[in-house]
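Worksheet: the structure to be examined is printed underneath.
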Amino acid sequence: MKKISMLSRWGLGALGALAMAPAHAEWTLNMGRGVTDLTDDVFGLHMLIFWICVVIGIGVFGAMLYSVIVHRKARGFEAAHFHESTVVEIAWTVVPFIILIAVAIPAAGTLLQIEDSSDPDMTIRVTGYQWLWEYDYVDEDVSFFSRIDRESDRARQLGSGIDPAGVEHYLRNVDNPMVVPVDTRVRLLLTSGDVIHSWWVPELGGKKDAIPGYINDMWFEANETGTYRGQCAELCGRGHAFMPIVVKVVSQSEYDEWVAEQGGDAGSEGELATGQPSPDEASADEATSSEESPTAGNATEGRTEDDSEDQPEEAEESMVGSGEEDEGSEPATGDEQDSDADEASDDSGSDDGGSEESDSADQDAGGDSEEAAASSGSDNGSNGGSGDEDEGSGGDAAGDGSDEVSKDELMSEGETVYADLCAACHQPDGSGMPSAGFPALKDGAITTGPVEAHVAQVLDGKGAMPPYKGSLSDREIAAVVTYERNSFGNSTGDVIQPSQVAEQR
Amino acid sequence: MSTVNPTDTHHHDDHHHGPVTLADGVWPWMKRWIGTTNHKDLGTLYLIFSFTMLFIGGLMSLVIRAELFAPGIQFVDPAFYNEMITLHALVMIFGGVMPAFVGLANWMVPMMIGCSDLALPRVNNWGFWILPFAFTMLLGTLLVPGGAPASGWTMYPPLVMQTGAALPLMVFALHLAGISSITGAINIVVTILNMRAPDMPLLKMPLFVWTWLITAYLLIAVMPVLAGAVTMILTDHFFGTTFFDAAGGGDPVLFQHIFWFFGHPEVYIMILPAFGIVSTIIPAFARKPLFGHDSMVYAVASIAFLSFIVWAHHMFTVGMPVSAELFFMFATMLIAVPTGVKVFNWVATMWRGSMTFETPMLFALGFVVLFTIGGFSGLMLALTPVDFQYHDSYFVVAHFHYVLVPGAIFSIIAAIYYWIPKWTGVMYNEKLGQFHFWWSAVWINVLFFPQHFLGLAGMPRRIPDYAVQFTDFNMVSSVGAFMFFIGQFVFIYNMIMCMRGSGTKATGRVWEGARGLEWTVASPAPYHTFETPPKIDPREMA
Amino acid sequence: MATETSEHHKYYVPEPSPWPFMLTVSLFFMLGSGAFWLNGSTTVAPYLAALGLAMTLVMVFIWFRDVVNENLGGVYGHQEDMTYRWAMGWFIFSEVMFFGAFFGALFYTRMIALPWLNGEGEKFFTNLYLWPEFEGAWPSNGPGNVGGDFETVNAWHLPLLNTVLLLTSSVTVTWAHWGLKEDSRWKLCTGLAATVLLGAVFLYYQGLEYVEAYQHLGLTLGSGIYGSTFFLLTGFHGMHVTLGTLMLFIILLRCLKGHFSSHDHFGFEAVAWYWHFVDVVWLGLFIFVYIL
């Protein structure tokens, strides 16, 4: 590898020299080195194959150029008549073959390392939604959503009039970055709630797809602290360009502090200003399972019951690196009960109509984005303020809805949410873009029709409209619905309270 | 009328087979083109259709490049942007490049192997006329509620399931395009296998015919697979099947496997005929036989074979077992060997030739250089661990545009310059041709080379807006796109002048070094060329 | 024979013909209306689609009538005959690849996706977190139990009968072919009629099986991946049998009119090839869909 990295330094120099334009800080020509051992290896491979290509290229193009200059009729060159040579043909079949083997061996070695995600120091579940990420620290009871920062989001709207150059880290900044400790082997378990996404931070290694209904794993171990930025790399719809990823690699002590902060914050509901779902879902997991636990008793099917105990244990022993902590992450239920609950929620769809929503949320991942993202919604039920797994979602809602919010407040908060999330399609004046399939909200059937249908649509989405269950709080939804029903010339006079939204969740 | 339709001269040939012109009235003229069973007529129709589609697809790419000129969203909604990238690819691939090659095969295969027409002339007509309807259907999706498909041409579920009313139209349009390709391919295979002049053994066929034989085989093998894949999308969307839904036991990645089982051979469908064209043009202008004709044939055959076992390199990031990743990496790297053989053979053909540099030769040389650059980046992409970084970035965009635009499309342009004197009987304007080449060669690199840098710096593909650090190269690239596009009007003008018959008359041989049966007949070639199999002078064969 | 015909025979290039274009228009009409139908406009679209289908069939009929008349008119020589043989062969190959896509889906979901959902191999966490406790075994409708519980069709009842029917029909069609070669009209016509009949009975039982599946077994198109692969594979096969039976029937009519001779009957052979292809696909279905 040492040789390779020397080559690579050369490569950088040569590439730099190739750039015709005057030096410009932004003109990155080559791949970055990244901050993990593996990205270093990958960079080495990249440069190795690059230089092989350059050498072959010089040979081939050199011969061509010579021939073009010398062997031309204009200089009176007479054509030779040879048209085959077995020796030469065998040579240029075999030599490239050998070169390829020489490259394939280190490549295979690196690949095996990349794909070996065993024995992690910590595990984070990453779930992609249209168009935000959810990070769930399996061992730490920390879970939050990470969405493009508001400033970028405003600037990126069609005709926003904001110069992106003036926005710091335009499109590469989020409200809640993922935080991990340095020199720690971090395993990511990637999945998706709706369509396929791809998690990519170049400095931390390659990308991996987040596929609904399946979990892919990848890992990295950052050697340097710092903030690393990337974004979704798989086309995932209208907002594909707008789901950045920011990873803060910090020292272990800073990380511990951060975790404590996240955990200590549970139950607060003051996130509206930043618009993020509160990062206090320390217990999103438990909330989910508790929410669904009522179905556990009557819906469990015999065929899987017997094994329900064995598997999680096996999991902890064989696969989950930090078995103990993992167990700790599901404190109250204990793994047996917990797995029953989960199972019920996932297996009982047709048996139990009552659990249909939460159920379809998890199951329908592959099919229909509206329903699929409902899973984020049910997770987010804990947003309502509960960290306690024994409380149902109804209980959460009570905490939220106990205080009435004035119409003025709702209107002004709603305006902000609308401008950030809705205006891009439905237009700032609510006129929509009917030709592109985005209906007008002004005198719209939904915005002037029954309130429930309106709230439901914001919660669940429809067609190209993403569900906002996962990303907006009850209060935000109440605000934006109130705003939409009393703006653009709509004057229903309806004031929707967060409690009403919570009920409908 | 000072301009003469080239086919006019043969009007007297045969009352029944003589082509009707506009002068005979609009209705008879339309009936001629709608009902024609003549391979030359259909070849012309294919090429005109193809260039119409290349133009439409080109306009879409300009929308894309205009939006990407600067960060921020200036012109189009991101949803519309996604529609543009989807349609751009579908139109260029299924409407532009593939029909152009079929058009060239229509014109040239019968003339190169010494037969009167394709084996199934009516089927040939059918195969062509499906295309305008299929693409009317596809482009019509721009007008339906929910807009055109916006999931990329790869149509990955579950995203594709969010398509609105366009979904069935897209699926049916692809079915139709598939029928067209399959019928066209069967026709060409049968023609080559069954209709060769008795004097022409398989291994003496010109390389263009050989590459098309293998291409046609690929088409027959994989177009039905695409049809199956999009059918599953249709049933998943409308009839409750769960092929691509984990809850029902399916897998979204299943689609990607099926799609790329079609998609990778498809890549070679778009490049093998280009190899054939370049292998025809370089010997002609080097005045020296093609080096290693037989090894070229074997190389093409091995590339075709390998194309069936490398599909998953398009999807290294979906989380396959590591053994599968290793297999697909090794198999993919192997493709470099036969491809290398081809490039080396072209250089060896030029070596100690007596070269002149007319426009077709320039485009062929441009092809060799720029396609090879695309090949190099392809080799880089083959390395799985590094592909994790390149995948879905602008590096990939640069790679496949290098092999498709200065690759496939340059070869199509080269072929048209090379053969249009034979088709129309007049020479194109050489000065304009030279200008066209240099203009295109410069701007195509301005357009696509910086995209390598963007990809390496971490810019993902298929985004309408990007972080500020990518601005400079995107601006350069956009300028390149507009300049390249403008230059193509020179080509269109040049070709229209040829079709109108204005220019110096071409001789039968046209090019001093040209070899092959097509050069043994007059220019323009008679409407029915070899109604009886010709006796072939061995010097005309490979 | 090849040398004597290719020496003086001019390959037949047909006159311009409007039928291919009209066939395209019909297809466009059918699929375009079909798309609107699928999108939920049920007022006129279904009728237009049906009309398109009818037009398509008519155009195919007219086109083939031209071909038959040309053949009867004696314009086809050995080379044209070879063209049709090659073309039919490649067409069948493309059909094989079409079924290949669906068989591929079946194998992939059974061999790869289902074990993954069970948490085997590198997809351990898929099962742990997303589908806990799911232990699917084929036949499966996935961890979501999509479409509800179902039973599979018993391979040894109707499907076995259908296998016997199709295998027998392959024998009868070959028998008819012998009859044709021996100039035995009786053998030809009874053989063909028997084949058509067997095809029709097969289709009847296939329909019966579907009714059974929907009404009693709970097995529907929406029964997860099993239902999807089962109905699409058997359904597309059934469509091919329908087409094959129709073609055999037309060939039977042509035989009755005396169109074929012992040395010139590729029309018959083409359909026979197609029938054998359909038969082989069925064997694949019987083994991989019904038995295993």
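Below is a table of values for the structure above.
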| item | result |
| --- | --- |
| Residue-count net charge about C:Asn162 - beta-carbon cut-off 14 Å; Lys, Arg +1, Asp, Glu -1 | -3 |
| Anchor B:Lys431: lysines whose Cα lies under 18 Å away (excluding residues fewer than 8 positions away in-chain) | B:Lys505 |
| Dipole magnitude of the stretch B:279-421 about its Cα centre (Cβ charges: Lys, Arg +1; Asp, Glu -1), debye to nearest 20 | 480 |
| Accessible area buried at the B-C interface, both sides summed, 1.4 Å probe (Å², nearest 100) | 5600 |
| Inter-chain shielding of B:372-383 (mean C-beta neighbours from other protein chains, 10 Å cut-off) | 5 |
| Inter-probe distance in nm under a simple model that places probes 7 Å from Cα toward Cβ, at B:Thr532 and A:Ser253 | 10.0 |
| Heavy atoms of C:Lys187: accessible area, 1.4 Å probe, square angstrom to 10 | 30 |
| P(r), alpha carbons of the stretch C:13-73 - 5 Å bins starting at zero, rounded % | 4, 20, 22, 17, 12, 10, 7, 4, 3, 0 |
| For the stretch C:1-120, alpha-carbon Rg over 2.2 N^0.38 Å | 1.63 |
| Restricting the stretch B:329-426 to chymotrypsin sites (Phe, Trp or Tyr not before Pro) in coil, as DSSP defines it, with at most 11 other Cβ within 10 Å | none |
| Hydrodynamic radius (Kirkwood) for the stretch C:81-291, which is based on Cα pairs only, to one decimal in Å | 18.9 |
| Cut-off under 5 Å, modelled amide H: who pairs with A:Lys207 long-range | B:Gln389 |
| Loop-resident sites, the stretch A:122-226, for GluC sites (Glu not before Pro), counting at most 15 other Cβ within 10 Å (DSSP) | A:Glu168, A:Glu224 |
| Spatially proximal lysines relative to B:Lys342 (Cα-Cα < 25 Å; intrachain offsets below 8 disregarded) | A:Lys73, B:Lys204, B:Lys288 |
| Simple Cβ-charge dipole of chain B, Lys/Arg +1 and Asp/Glu -1, about Cα centre, in debye nearest 20 | 1140 |
| Counting all C-alpha pairs of chain B, share separated by more than 45 Å (%) | 12 |
| Chymotrypsin sites (Phe, Trp or Tyr not before Pro) within the stretch B:191-241, DSSP loop, no more than 16 other Cβ atoms inside 10 Å | B:Phe239 |
| Accessible surface, 1.4 Å probe, highest first, among residues B:Val123, B:Val337 | B:Val123, B:Val337 |
| Equivalent ellipsoid, the stretch B:248-370 (semi-axes from 5 times Cα gyration tensor eigenvalues, Å) | 36, 14, 11 |
| Neighbour count of at most 13 Cβ within 10 Å plus DSSP loop: longest GluC sites (Glu not before Pro)-free window in chain C | C:1-119 |
| Highest-first arrangement of B:463-469, A:110-116, where packing means the average Cβ count within 10 Å | B:463-469, A:110-116 |
| The stretch B:40-109-the stretch B:276-310 distance, computed between alpha-carbon centres (Å) | 27 |
| Debye log10 I(q)/I(0) for the stretch C:153-235, one point scatterer per Cα, at q = 0.14, 0.19, 0.25 Å⁻¹ | -0.57, -0.80, -1.09 |
| Given charges at beta-carbon only (K, R positive; D, E negative), |dipole| of the stretch A:122-264 in Debye | 640 |
| Kirkwood hydrodynamic radius of the stretch A:22-164, Cα pairs, Å | 22.0 |
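The values are calculated or read from the model by the stated rules, or taken from the named source; none is laboratory data. In this text, all values refer to a predicted model and were calculated from it rather than measured experimentally. Cβ: placed from backbone, ideal geometry, glycine included. Neighbour counts: every protein chain shown. The area values use the complete protein model at the heavy-atom level, side chains included, leaving out ligands, DNA and RNA. Shrake-Rupley method; radii C 1.70, N 1.55, O 1.52, S 1.80 Å.
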